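Enquirer: The following block contains the structure, expressed as structure tokens.
The values are calculated or read from the model by the stated rules, or taken from the named source; none is laboratory data. Owing to the predicted nature of the structure, the values given are computational and were not obtained by experimental measurement. Backbone-built Cβ (ideal geometry, glycine too); neighbour counts: all protein chains shown. Surface areas here come from the heavy atoms of the whole protein model, side chains and all, with no ligands, DNA or RNA. Shrake-Rupley method; radii C 1.70, N 1.55, O 1.52, S 1.80 Å.
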Amino acid sequence: MPTPPRSPRPRPAAARPRPVPGPTAGRPRPAAQRRGGAARRQGSAGRNGRGSAPRPRGRGQEERPRWGMRVVTTLSVLVLGVGGIGHALVTGLDSGIGRVDPFRDMKNRPEDGNGMNILLVGTDGRDTVTKEQRHKYRLGGAPCRCTDTIMLVHISEDRERASIVSLPRDSYAEIPAHTDLTTGKKHGLHAVKLNAAYAEGGPALTVKTVEDLTRVKVDHYLEVDFRSFMKTVDAVGGVEVCTVRPMKDTHSGLDLKAGTHRLDGAKALQYVRARHVDGAADLGRMQRQQRFVAALVQQATGSGVLLNPVKFRQVSTAALNSVRADRGFGTDQLLTLGKAMRSFTPASTEFVSVPVKDPSFPVKGVGSTVKWDRVKAERLFRALREDRPLAPERPRSAASARTARIVDVPPKQIRVQVYNGTQLDGLGSRVDAALKATGFDTTRAPLNGSHRNVKRTFITYDPRWDRSARSLAVALPGAELRPVKGQGPTLKVTAGSGFTSVTPVRADTPRARGVFGAITGDEVLCR
């Protein structure tokens, strides 16, 4: 059932934004919102986290054209405000923010909900870069003046959770009647891909289209470019990502070997732009962007940036100098939100992609679009409106999975036969039980090996199942891999006297939880 409408609160006019008590102060929180006990603090940025000053109705300040982007930068601005910083430190940081008015003449908007909703977009601006820059950053192709990445970020009312919903840029959408900002032509309601809303009507039409699709009211609009992204990544000292297989994309320039990598700004840009490393195209890229957001949060909160005023100022300036935002998002909002999110961690972030019914839905005159599952999508956005967590509480038994090493093939897909290669009674059963406990599909019937004086554990495998063999070897550190043609899909482990323990492992793609398939930031970090 939809949430009953609430009586609107009067918003006093003010010369400039200033924080007021949050709407939940003084009243108990619903049970669905209690994560880990009562809230330790309440937000103090006013209704939905906004300042008390009304939004100006005038046109935003004109800015020079922006380069193509990456949305992750702006989330880092929110994270980097979490330290117990003083007003003097952040005063003036918003002077570098370009201003737009995405809420101009907006009518029939969704009702306010609890928490704060931020629409993060990155624009494709390849027409503004030089030929040399296009070549260096692999920005070929024709410019489209459209949004390259779209994320809806919900900051909970208690400031203890961020729910990040990725909206596919090729999502099927119906744009309301408007006047094209480029051609001046009047359009009626018509079908497009979601990223075309920016091309036809800029930030205002983008916000309107997203609100019509989701029925979630957007409180703030933030738009970034990739120059700011690269500077921010470099300022925090790079960001660590891990891959279980080589990743190469000639379109973005990404070329990573399997393993753990610390990416500087330029390499990070290639990572989050890559769309041709697998068959998942834009949906796969959204997952990589979510991983990068989690890694960036980890780097920002764990590297001392928040406790170093000089570093904080440097990173914030790098991030904000290329950001465009609504006029209601300024220094006071950064400070208030930052203080409220003081304990923010990767585990506080939950990531979801909009449920998709058809990833290749043809539309005449538009092309192949991504069609949402409207029933599941409505449940998802209702949860945002009602400020409910998207990821259910993790059972205690799953705690060890968060620290497990990442492997390419899910353990449950790997069939294993264990042999005891020693004279030690029960060693085969110990190894079988340990592999079973971490998720491998063992036979549960260990056998004695043909040799009983084995010191170093070894794995024999058919070369056709080499990915499974490498994944199993991660769980058995120091084990030797021995290919045997024609052995078949079952891998054979012969335990030697040097065996000590099995290392917990998990698949590269974490197990999505709950009806929305949510994952949390700590589940996608390198271990």
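Enquirer: Going by what's in this entry, would R452 be described as modelled with pLDDT under 95, under 23 Å from V241 (Cα atoms) and either open to solvent by 60 Å² or more (accessible area, probe 1.4 Å) or not polar (S, T, N, Q) (or both)?
Expert: no
Enquirer: If a residue has to be in a loop (DSSP other than H, G, I, E, B), open to solvent by less than 30 Å² (accessible area, probe 1.4 Å) and at pLDDT 75 or above to count, how many in region 497-515 make the cut?
Expert: Total meeting the criteria: 1.
Enquirer: Next question. Exactly one of these conditions fails for L181: (1) crowded, with 18+ Cβ neighbours inside 10 Å; (2) at pLDDT below 85. Give me its number.
Expert: If we test L181 against (1) crowded, with 18+ Cβ neighbours inside 10 Å; (2) at pLDDT below 85, just (1) comes out false.
Enquirer: Within region 341-353, is there a residue that is modelled with pLDDT under 75, among the acidic types (D, E) and either farther than 27 Å from L205 by Cα or buried (at least 17 other Cβ atoms within 10 Å of the Cβ) (or both)?
Expert: Pass one, region 341-353, residues modelled with pLDDT under 75: 341-346.
Of the ones still in play, those that are also among the acidic types (D, E) are none.
Within region 341-353, none of the residues are modelled with pLDDT under 75, among the acidic types (D, E) and either farther than 27 Å from L205 by Cα or buried (at least 17 other Cβ atoms within 10 Å of the Cβ) (or both).
Enquirer: Going through V431, V418, V363, V356 one at a time, which residue ends up being modelled with pLDDT of 90 or more and within 19 Å of the chain's Cα centre (by Cα)?
Expert: Sole residue among the options that is modelled with pLDDT of 90 or more and within 19 Å of the chain's Cα centre (by Cα): V356.
Enquirer: For the list (1) modelled with pLDDT under 90; (2) outside any helix (DSSP H, G or I); (3) of a type in the set (A, V, I, L, M); (4) under 23 Å from the mean Cα position of the chain (by Cα), I need the number of the one condition that M230 fails.
Expert: Single failed check for M230: (2).
Enquirer: A further question follows. Of everything in region 243-257, what is under 28 Å from T317 (Cα atoms) and either buried (at least 24 other Cβ atoms within 10 Å of the Cβ) or not polar (S, T, N, Q) (or both)? Give them in sequence order.
Expert: In the first step, residues of region 243-257 are kept if they are under 28 Å from T317 (Cα atoms); the result is 252-254.
Residues satisfying the conditions are G253, L254.
Enquirer: Test E200 against the stated conditions and say whether it is within 26 Å of S316 (Cα to Cα) and either without any contact (Cβ under 8 Å) to a residue 60 or more places away in the chain or open to solvent by 40 Å² or more (accessible area, probe 1.4 Å) (or both).
Expert: Considered against the rule, which asks whether it is within 26 Å of S316 (Cα to Cα) and either without any contact (Cβ under 8 Å) to a residue 60 or more places away in the chain or open to solvent by 40 Å² or more (accessible area, probe 1.4 Å) (or both), E200 comes out as no.
Enquirer: Filter region 239-280 for residues that are β-branched (V, I, T), part of a loop (DSSP other than H, G, I, E, B) and in contact with a strand residue (DSSP E or B) (Cβ under 7 Å, 6 or more places away or on another chain) and give the result.
Expert: Result: V244, V277.
Enquirer: Can you tell me which residues in region 203-232 are open to solvent by less than 10 Å² (accessible area, probe 1.4 Å) and either small (G, A, S) or on the phi > 0 side of the Ramachandran plot (or both)?
Expert: Answer for region 203-232, where residues must be open to solvent by less than 10 Å² (accessible area, probe 1.4 Å) and either small (G, A, S) or on the phi > 0 side of the Ramachandran plot (or both): just S228.
Enquirer: Out of (1) modelled with pLDDT of 80 or more; (2) open to solvent by 30 Å² or more (accessible area, probe 1.4 Å); (3) at positive phi, what's the single condition that is false for A281?
Expert: The failed condition is (1).
Enquirer: To continue, here is another question. Scan region 458-483 residue by residue and report those that are in contact (Cβ under 8 Å) with a residue 24 or more places away in the chain, hydrophobic (A, V, I, L, M, F, W, C) and open to solvent by less than 60 Å² (accessible area, probe 1.4 Å).
Expert: F458, I459, L472, V474, A475, L476
Enquirer: Separate question: Where residues in region 410-449 are outside any loop (DSSP other than H, G, I, E, B) and hydroxyl-bearing (S, T, Y), which of them is surrounded by the most Cβ atoms within 10 Å (Cβ to Cβ)?
Expert: If we filter region 410-449 for residues that are outside any loop (DSSP other than H, G, I, E, B), which is where we start, we get 411-413, 415-420, 427-437, 441-442, 447-448.
From what is left, the residues that are hydroxyl-bearing (S, T, Y) are 419, 429, 442.
Numbers: Y419: 24, S429: 15, T442: 22.
Applying the filter and picking the extreme gives Y419.
Enquirer: So in region 284-319, with the set limited to residues that are of a type in the set (V, I, T) and open to solvent by 10 Å² or more (accessible area, probe 1.4 Å), which one is modelled with the lowest pLDDT?
Expert: T301
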